[in-house]
C-alpha cells in the first residue's frame, strides 16, 4: 500500500516538473502505474492533497540535504545547492518551485500556502547561507542577504527554463557568473 502511495507521489512530482501542475490529471498517473483512479483517490482524495504531498517531500529532501551540507563552508554549501539544480537540469526537469509558480493563482488556498512555505524555506536557507558566508569573508556583495538570495534563486529557477530552450551549457554559465558576482571584491 505504501509503495503505491510513493509511486503516485513520485510520478506526480515528475509530471509537475515536466508539464506543470494544471497539465496533468489522475489518468496521467493511473495509466502508467496500471492502477485505477480510485486507488489514487484513496491516498489523495483531491489533486490538492497530492500537490501538498509532493511539496512536503520536496521540502523534507531539501532539509535533509541542507543539513548534510551544514558541515561545509558556505561557498561549498551554495555550490551544493547549484548542483541540486544542475541535477534537475540534466534530467530535463524544472524545479518544483519554478514549475508551480506559474499556476499559483489557480490553486486552492491550502496549496498556495504550501507553495509559499516551500519558497520561504528555500529562500531563507539561501539567505542565511549567504549572510554567514559574507560574515566569514567567503562572499562579497552589497545589500541585504535576503535580497541577494532572491536574485540567486530567481536565476536558478530561470536557468532551468532557459536550458530547455538554449541547451544544458547555459546552466553552468549562469551559475559560474553567480559565483563570480558573489566573490567580487575578494
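The values are calculated or read from the model by the stated rules, or taken from the named source; none is laboratory data. Keep in mind it's a predicted model, so treat the numbers as computed, not measured. No Cβ is skipped: glycine too gets one built from the backbone with ideal geometry, and neighbour counts run over all protein chains shown.
For residue 92, work out the one condition from (1) over 17 Å from the mean Cα position of the chain (by Cα); (2) surrounded by fewer than 16 Cβ atoms within 10 Å (Cβ to Cβ); (3) outside any helix (DSSP H, G or I) it doesn't fulfil.
Of the numbered conditions (1) over 17 Å from the mean Cα position of the chain (by Cα); (2) surrounded by fewer than 16 Cβ atoms within 10 Å (Cβ to Cβ); (3) outside any helix (DSSP H, G or I), the odd one out for residue 92 is (1).
It is to be established whether one or more residues within the range 158-165 are modelled with pLDDT under 95 and over 23 Å from residue 21 (Cβ atoms).
Of the range 158-165, the ones modelled with pLDDT under 95 are 158-165.
The next check asks that each one be over 23 Å from residue 21 (Cβ atoms); those that pass are none.
No; the residues of the range 158-165 include none that is modelled with pLDDT under 95 and over 23 Å from residue 21 (Cβ atoms).
Could you count how many residues in the range 70-81 are surrounded by fewer than 19 Cβ atoms within 10 Å (Cβ to Cβ) and assigned to a helix (DSSP H, G or I)? Steps first, please.
If we filter the range 70-81 for residues that are surrounded by fewer than 19 Cβ atoms within 10 Å (Cβ to Cβ), which is where we start, we get 70-73, 75-76, 79-80.
Imposing the further condition that a residue be assigned to a helix (DSSP H, G or I) reduces the set to 75-76, 79-80.
Residues that pass the stated criteria total 4.
Does the range 125-150 hold any residues that are buried (at least 16 other Cβ atoms within 10 Å of the Cβ) and free of Cβ contacts under 8 Å to residues at least 40 places away in the same chain, and which are they? Step through it out loud before you land on a result.
Of the range 125-150, the ones buried (at least 16 other Cβ atoms within 10 Å of the Cβ) are 125-131, 133-134, 138-139, 141, 145, 148-149.
Those that are buried (at least 16 other Cβ atoms within 10 Å of the Cβ) and free of Cβ contacts under 8 Å to residues at least 40 places away in the same chain: 127, 128, 131, 134, 145, 148, 149.
Of these, 22, 37, which one is surrounded by fewer than 15 Cβ atoms within 10 Å (Cβ to Cβ) and within 16 Å of residue 115 (Cα to Cα)? If you could, list the steps in order and put the result at the bottom.
Details: 37 fails: within 16 Å of residue 115 (Cα to Cα).
Answer to the selection: 22.
Identify, from the list 96, 50, the residue that is closer than 17 Å to residue 156 by Cα and in contact with a helix residue (DSSP H, G or I) (Cβ under 9 Å, 6 or more places away or on another chain).
On the way: 50 fails: closer than 17 Å to residue 156 by Cα.
Step by step, each of 96, 50 is checked, and only 96 is closer than 17 Å to residue 156 by Cα and in contact with a helix residue (DSSP H, G or I) (Cβ under 9 Å, 6 or more places away or on another chain).
Name the single residue, out of those in the range 1-45 being without any contact (Cβ under 8 Å) to a residue 24 or more places away in the chain and not in a helix (DSSP H, G or I), that is nearest to residue 91 (Cα to Cα).
Looking at residues that are without any contact (Cβ under 8 Å) to a residue 24 or more places away in the chain and not in a helix (DSSP H, G or I), I get 19.
Any chance the range 100-108 includes a residue that's at pLDDT 95 or above, over 21 Å from residue 161 (Cα atoms) and either touching a strand residue (DSSP E or B) at 6+ places or on another chain (Cβ under 7 Å) or surrounded by 15 or more Cβ atoms within 10 Å (Cβ to Cβ) (or both)?
Yes - at least one qualifying residue is present in the range 100-108.
Can you tell me which residues in the range 135-181 are part of a loop (DSSP other than H, G, I, E, B) and touching a helix residue (DSSP H, G or I) at 6+ places or on another chain (Cβ under 9 Å)?
Taking the range 135-181 and keeping what is part of a loop (DSSP other than H, G, I, E, B), we get 136-144, 167-168.
Selection gives 136, 138, 139, 140, 141, 142, 144, 168.
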